[in-house]
Amino acid sequence: MRLILLGPPGAGKGTQSQRLADKYRIAQLSTGDMLRAAISAKTPVGQRAKGIMARGDLVPDDVVVGIISDRMDEADARAGFVLDGFPRTLGQAQALDRLLAEKGLKLDGVIELKVDEDKLLQRIDSRLRDMTARGETARPDDNPDAFKVRLAAYREQTKPLIDYYRSKGKLRSVDGMAGIRDVSRAIDTVLDRERVDAGYADG
Ligand code: AMP
């Protein structure tokens, strides 16, 4: 199973992709996590990405395409993967098509978490308050200023991917404003339908 989770920052991609990775025993490939790990390890990629990420802007396509390509070749990704936060631009989506073709892999579906973008700022605010209450440290880009830049990057550069995947017949949309369990159930329903249609449901 190879999936993409698509949606704006704060839509719940991380939560849902983690759950799908556990459920289908596939790898969760989060470019954001990979970049944060590169920053912690002070690698050249991390040094290039650090300031860009703190502002909320997108890291250049060649950087993320490089790390995702390498990561797909690792053993735990062979059984499948769920892409969380990649692709984020049309250039990345086209690069992904090329990568999959080169590796002889097929994309099973793209799940769009549909959310009310005006409510996302409130969501991020309450996420911040919860984290602070638990004594956790927020990400450097989880603040209202960077969040606005992240949302603008989504609207300008990532949103066109919805039409890109719709035109390929790959897009499945679910209501991302529902509670976590309802969103999970909606995703499962969509995927079960796909698996039956594809003829590889195992009951
Ligand atoms: P995320 O953890 O997915 O919210 O990503 C955090 C930040 O990492 C983003 O705001 C970008 O700066 C950077 N990033 C993550 N994935 C990508 C990507 N596919 N393309 C460009 N930048 C990315």
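No lab work stands behind these numbers, since they all come straight from the coordinates. Since the model is a prediction, treat every value here as computed from it, not as a measurement. Positions of Cβ are generated from backbone atoms using ideal geometry, with glycine treated the same way; all protein chains shown enter the neighbour counts.
For the residues 81, 147, what sequence is obtained by ranking on other C-beta atoms within 10 Å, fewest first? Kindly include the intermediate steps, with their values, before the conclusion.
Numbers: 81 25, 147 20.
So the residues, fewest neighbours to most, are 147, 81.
Only Lys, Arg, Asp and Glu count, each charged at its Cβ (+1, +1, -1, -1), so figure out the dipole size of segment 15-137 about its Cα centre, rounded to 20 debye. Before the final figure, lay out the partial values.
Values: 20 positive and 20 negative charges, 60 e Å.
The dipole magnitude comes to about 280 debye.
Estimate the FRET efficiency between residue 152 and residue 37 by the formula 1/(1 + (r/R0)^6), using the beta-carbon distance for r and 35 Å for R0, to the nearest 0.05.
On the way: r = 26 Å, r/R0 = 0.73.
Efficiency, rounded to the nearest 0.05: 0.85.
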Open item on the list: Restricting to Cα atoms and excluding each atom paired with itself, what does the Kirkwood estimate give for the chain in Å?
Closed with: 17.6 Å
- [ ] Mind giving me the nanometre distance, one decimal, between the label points for residue 74 and residue 162, set 7 Å out from Cα along Cα→Cβ?
- [x] 3.2 nm
Task: For residue 109, residues with placed amide H under 5 Å, excluding near neighbours - done: 2, 4
Task: segment 53-89 versus segment 129-203: alpha-carbon centroid distance in Å - done: 16 Å
Task: Förster radius 30 Å - calculated FRET efficiency between residue 145 and residue 47 (Cβ-Cβ, nearest 0.05) - done: 0.85
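One quarter of the convex hull surface, Cα atoms only: what value does that give for segment 23-97 in nm²?
5.3 nm²
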Open item on the list: Give me 117, 156 sorted ascending by neighbouring Cβ count inside 10 Å, so fewest comes first.
Closed with: 156, 117
Open item on the list: Which residues does the label zone of residue 195 cover in segment 1-16, counting backbone N under 11 Å from a point 7 Å along Cα→Cβ?
Closed with: 1
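Please arrange 40, 184 by counting, for each residue, the other beta carbons lying within 10 Å of its beta carbon, fewest first. Write out the running numbers ahead of the final one.
Numbers: 40 9, 184 18.
By the 10 Å Cβ count, ascending: 40, 184.
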Open item on the list: Could you give the length gained by full extension between residue 24 and residue 134, i.e. 0.36 nm per residue of separation minus their alpha carbon distance, to one decimal place?
Closed with: 36.6 nm
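In deg cm²/dmol, rounded to 500, what helix-only [θ] at 222 nm does the chain give when every DSSP H run of at least 4 residues adds -39500 (n - 2.57) and the total is split over its residues?
Calculated at 222 nm, the ellipticity per residue is -17500 deg cm²/dmol.
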